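The values are calculated or read from the model by the stated rules, or taken from the named source; none is laboratory data. Keep in mind it's a predicted model, so treat the numbers as computed, not measured. Using ideal geometry, Cβ is built from the backbone for each residue, glycine included, and neighbour counts are taken over all protein chains shown. When the accessible area is computed, the model is the full protein with side chains, heavy atoms only, and any ligands, DNA or RNA have been set aside. Shrake-Rupley method; radii C 1.70, N 1.55, O 1.52, S 1.80 Å.
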Amino acid sequence: FNTTTPYVVPFIDLNEGPWVIEMPEAEVRGAANDFWQIGVAQMTKPGKYLFVGPGQEVPGGAEKAGFNVVQMTTMNFMAGIRLMSKDREVRMAALKEIKIYPYSEKDAPRPRGYITPDGKSWSQWQPRGMEYWERLHDVINREPVAERDRFYMAMLKSIGIEKGKPFNPDERLTEILKQGVLVGEAMTKALDFFNPRFLNSHYVEGSNWEYASVCSPSQRLENHDDLDERAAWFYEAVTNDPMMHGQETGVGQVYMSAYKDGDSDWLDTGVDYTLNVPANAPAKEFWSMTIYDVDTRCITVNNTKQADRSSRMDLLENSDGSVTLYIGPTKPEGDKAKNWIETVAGKGWFPYFRFYSPDKPFLDKTWILPDIQKAK
């Protein structure tokens, strides 16, 4: 996630029946994704969205009553709703207007409110060790088996994970599975950070920036399904829908990532860098630069408690209208500190540069985002 546009993130279980999400007349953008992280529904317009689980019947009269019916492919799903306004009071007012409730309460929905971390530590990355396999076993037993996943289910059966049966690995298998998590994560890091080789991730010749979101929203191509692309993207991030592929559609968002600087050296926590964002950045809404922790893929936790800079902030501009961002352990002097993102010693990092509603100069590449450079 990012800190420029706060999210509302409800997780909904349809096992007990359909649920409703009401989107208000406000600056909000939303999408619903199933538990395979495939985008099923866009919620960019105000209205009542009725989510029905696989095998469940659509309640009689729902469509006539004005509900937008969405047939989900998994019993559990996640909705990501962005609060787009830069005004906190406006965002909080919009948050209060979003309603989420079971369809059975349609005549008198019970207010549910929301929960914030409130300073407490929490994580959203995949667990390591045996907890990874235990969580996998749990979710498999709460979801239908998709036709395309039957061979994967056969592989899991060989290591004791089988739908409808307990998971009780012996000591020998436990040690093998722990090693499997370690090796699997290393393989995925190689695909994602250290050796990306996806053809459609190319930005421009000679650039170390690439498009981060290249996995097909459906995860399905003409003769095969995305495999490495899916593993890389969902290790690094969550959710995937057409609005996250602005480089192809010209709408929504563009996500740019980089792992090397302009000298093609790996980004280093002990080095100070600059990124010069040329004037007139082609984002109709705004642009943002956010840094993330390689180990967790979550926003970097630093001393300033701020890991992003964006065009929505009061940044120091250069005389030509460009903006120089400073990324590294050393705080720059004077007003340059407005443009600083602190890195943390020993914590590998990578950036996302986002364009919200990309404009024509980005799409036709007459405006180019330069590489991150070592500070002079």
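In terms of Cα to Cα distance under 30 Å, which lysines are near enough to residue 374, apart from those fewer than 8 places away along the same chain? Straight-line reach from residue 374, under 30 Å: 189, 260, 284, 305, 331, 336, 338, 347, 360, 365.
Past the 11 angstrom mark, what percentage of all C-alpha to C-alpha distances in region 106-145 do you count? Within region 106-145, distances greater than 11 Å cover 77 percent of Cα pairs. Positive-end ranking of 368, 292, 219 along the dipole of the chain, with charges on Cβ about the Cα centre, is headed by 292.
With the charge dipole of the chain set up from +1 on Lys and Arg Cβ and -1 on Asp and Glu Cβ about the Cα centre, the Cα lying farthest toward the positive end among the listed residues 154, 235, 32 is that of 32. Summary value for region 106-210: 24 percent relative contact order, contacts being C-alpha pairs under 8 angstrom separated by 6+ residues. Here the alpha carbons of the chain define both size measures, Rg and Dmax, at 22.1, 67 Å. Taking amide H as placed 1.01 Å from N in the peptide plane, the amide H of residue 84 sits under 5 Å from that of 28, 29, each at least 5 places away or on another chain. Spin-label pair residue 145-residue 13: with each label point 7 Å from Cα along the Cα-Cβ axis, the two points sit 2.2 nm from one another. Over all directions, the projected convex hull of the C-alpha atoms in region 206-292 averages 7.4 nm² in area. The ellipsoid that matches the Cα gyration tensor of region 1-113 has semi-axes, each √(5λ) in whole angstrom, of 24, 16, 12, with the longest given first. Taken over region 1-131, lysine pairs spaced eight or more positions apart, or on distinct chains, with alpha carbons under 26 Å apart number 18.
Quick one: if the Förster radius is 41 Å, what FRET efficiency do residue 337 and residue 179 give, using the C-beta to C-beta distance and rounding to 0.05?
Details: r = 45 Å, r/R0 = 1.11.
That gives a FRET efficiency of 0.35.
With all protein chains kept in place, the per residue accessible area of region 249-330 amounts to 42 square angstrom at a probe of 1.4 angstrom.
By accessible area, using a 1.4 Å probe on protein heavy atoms only, the chain has 52% of its surface on carbon and sulfur. The string of couplings for region 242-249 from the Karplus curve (6.51, -1.76, 1.60, θ = phi - 60°) is x, 5, 9, 10, x, 5, 9, 9 Hz, one whole number per residue in order, with x for Gly and Pro.
Reported to the nearest whole Å, the Cα centre-to-centre distance from region 11-57 to region 172-209 is 31. Rolling a 1.4 Å probe over the protein heavy atoms gives region 121-217 an accessible area of 64 Å² per residue. Note that region 260-376 shows a convex hull volume over its alpha carbon atoms of 115 Å³ per residue.
Taking amide H as placed 1.01 Å from N in the peptide plane, residue 340 has its amide H under 5 Å from the amide H of 326, each at least 5 places away in sequence or on another chain.
In debye to the nearest 20, how big a dipole does the chain give about its Cα centre with +1 on each Lys and Arg Cβ and -1 on each Asp and Glu Cβ?
Details: 43 positive and 54 negative charges, 132 e Å.
The dipole of the chain has a size of about 640 debye.
For a straight C-alpha distance cut-off of 17 angstrom, the aspartates and glutamates reachable from residue 178 (same-chain residues fewer than eight places away being disregarded) are 131, 134, 170. Largest accessible area first, the residues 229, 222 order themselves as 222, 229 under a 1.4 Å probe with ligands, DNA and RNA left out.
What full-extension length gain, to one decimal in nm, is calculated for residue 190 and residue 360 as 0.36 nm per residue of separation minus the Cα-Cα distance? It would help to have the intermediate numbers written out before the result.
Values: separation 170, 0.36 × 170 = 61.20 nm, distance 3.33 nm.
Full-extension gain reported as 57.9 nm.
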